[in-house]
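All remarks here apply to the structure that follows.
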Amino acid sequence: MNIAAKAVTGMGWAAVEKWSSRLVSLLVLLVLGRLLTPADFGLVALGTVFMTFLNVFVDQGFGRALVQRKVLGEKHASTAFWFGLTSSVALAGLLILLAPALASIFDEPGLAPIIQVMSLGLVLYALSSVPQALLERDFKFRALAGRRVLGTLLGGISAIVAASFGLGAWALVVQTLVTAGVGVIVLWSTADWRPSFTFSWKAFRELWPVGFSVVGIELVGFANSQADKLLVGAFLDATALGYYFFAMRIISIMVELFSAVLSSISLTTFSRLQHDREQMRAWLYRLTSISCCLAMPAFAVLAAVAPEAVPLVFGEQWRESGPLVQILCVLGAINAVAVFDRSALLAVGRNRTAFLLTLGQAIVGIGLVAVALPFGVVAVAIAVSARQLIWWPVRLAALVSGVGIDWKKYLGLWLKPFVLCCLAAAAGWALFAVVWDLSGMPIVFTVVTTLVVLGLSAALFALVLRPTLSDALALIKQRKA
């Protein structure tokens, strides 16, 4: 199979994985949202921050380096595996020792045992990293899809059972560990590769340049994605963090449903085309345009209905998360475009550019969140969304210099869907604000507004975005061929 056919096939299985697992996640979140409190979610969100930070150091970016490397030997994979496993055990032990001190800093006594148990996830991540990278490198997304869906399903069921027995925040810990554990079992039963008992310093040094860049990028990526939660937890409280985390969780599920399908194959595809820049840019344009057309209408609908839909679907205790979801839709819509930037830069060897790009965004984001904190969690959501808008021109400039894109063409790929969906959302909102009063009828409002916004978006897309829609159909025909 050529690269295009492999990419399209991989996209299909990535769609199965992302859509199935995220739909399951959404259903589980719906049930857990009614069984648990915002404080429960906030407590586990703090534990997740520390886990996410240490996960960066488990494999030192070697998993991404295995995918990116043009020529790969057995020693590379085995070296990456044993290094990651050793690091995970050491880091898990360190986290267990530091847990009481971290709980004391945040004035949350229940945080210490949660962190200590969650540290097992570091080892599970290490066991998954290399087999997953090798399957991804070979476009074997079917195996990855089965692993993710089954893990998400069993993890979700375990969490619901635990929450039903009154375990509170521990239900979310159970969900995390069962999901990761099932993933490891499925992954190792599917993958043909097994590590040899060798460690090569030569292979280590060959993986290190890309791995080191990925570590740097992921560290500042951690600051981008987790610093806001850490600051909210430190300066506000677990309940405020619970509202914020819940809203961000809804946004992340939406991003994965409509953009991560394409994102999951981007590094593999771009890396295979790294010596054919013209074809690589063509795929960057293609993935960006399709992602926009899938994600923008979804975020337009969510922005229009969130204040009423969130408490309706998840329970009245989450009403304060509704406005947060509405604000964060801006973040999700921009991420639908920016999701391919890092993969494109890494694929062409612009590791330093990708690192500096992420670092600058992290600095701007932390500064904005710090300014917003005294004004509450709603201000934090505005700051996080503003960060993406402010930094967008810099990301565009990096793609122009690093990948050689036509900025006018690239800008048009997302600007048209964005404007059209904003118009559709505004028209849907105006219909009920000015013409038809549906206050007090949240179910009717949510359903009718969703249909109106989607209908207007579809009509506008059909009129303005025919080339993009034709490109999507061409991909489907290419896969069949």
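If I filter the range 187-206 for residues that are under 20 Å from F53 (Cα atoms), out of contact with any strand residue (DSSP E or B) (no Cβ under 6 Å at 6 or more places or on another chain) and either surrounded by fewer than 20 Cβ atoms within 10 Å (Cβ to Cβ) or at pLDDT 80 or above (or both), do I get at least one hit? There is no residue in the range 187-206 that is under 20 Å from F53 (Cα atoms), out of contact with any strand residue (DSSP E or B) (no Cβ under 6 Å at 6 or more places or on another chain) and either surrounded by fewer than 20 Cβ atoms within 10 Å (Cβ to Cβ) or at pLDDT 80 or above (or both). With respect to A223, determine if the residue is within 27 Å of S343 (Cα to Cα), part of a helix (DSSP H, G or I) and not hydroxyl-bearing (S, T, Y). Criteria met by A223. Among the residues of the range 311-362, the ones that are among the charged types (D, E, K, R) and in contact with a Phe, Trp or Tyr (Cβ under 6 Å, 6 or more places away or on another chain) come to 1 in all. Just give me the residues in the range 394-414 being of a type in the set (S, T, Y) and without any contact (Cβ under 8 Å) to a residue 60 or more places away in the chain, in sequence order. If the condition is that a residue be of a type in the set (S, T, Y) and without any contact (Cβ under 8 Å) to a residue 60 or more places away in the chain, then S401 is the only one that fits. The set of residues from the range 148-159 being of a type in the set (A, V, I, L, M) and closer than 18 Å to V117 by Cα comprises just one member, A159.
Among the residues of the range 364-393, the one identified as in contact (Cβ under 8 Å) with a residue 60 or more places away in the chain and touching a Pro at 6+ places or on another chain (Cβ under 9 Å) is A381.
Is it true that V384 is crowded, with 20+ Cβ neighbours inside 10 Å and within 19 Å of the chain's Cα centre (by Cα)? In short, yes. Condition check for G349 on (1) among the small types (G, A, S); (2) at pLDDT 80 or above; (3) surrounded by fewer than 18 Cβ atoms within 10 Å (Cβ to Cβ): one failure, at (2). Within the range 160-189, the set of residues being in a helix (DSSP H, G or I) and closer than 15 Å to V117 by Cα comprises W170, A171, L172, V173, V174, Q175, T176, L177, V178, T179, A180, G181. Of the helices (runs of 4 or more DSSP H) lying entirely inside the range 54-118, the ones with 2 or more residues being surrounded by fewer than 20 Cβ atoms within 10 Å (Cβ to Cβ) and touching a residue at least 24 places away in the same chain (Cβ under 8 Å) are found at 74-105.
Is it true that some residue in the range 295-305 is aromatic (F, W, Y), modelled with pLDDT of 75 or more, farther than 22 Å from L27 by Cα and crowded, with 23+ Cβ neighbours inside 10 Å? No: the range 295-305 contains no residue that is aromatic (F, W, Y), modelled with pLDDT of 75 or more, farther than 22 Å from L27 by Cα and crowded, with 23+ Cβ neighbours inside 10 Å. Checking A163, A159, A126 one by one, the residue that is surrounded by 23 or more Cβ atoms within 10 Å (Cβ to Cβ), over 24 Å from the mean Cα position of the chain (by Cα) and at pLDDT 80 or above is A163 and no other.
The values are calculated or read from the model by the stated rules, or taken from the named source; none is laboratory data. What you see is a predicted model; the values in this text were computed from it and never measured. Every residue, glycine as well, gets a Cβ built from its backbone with ideal geometry; the counts of neighbours run over all protein chains shown.
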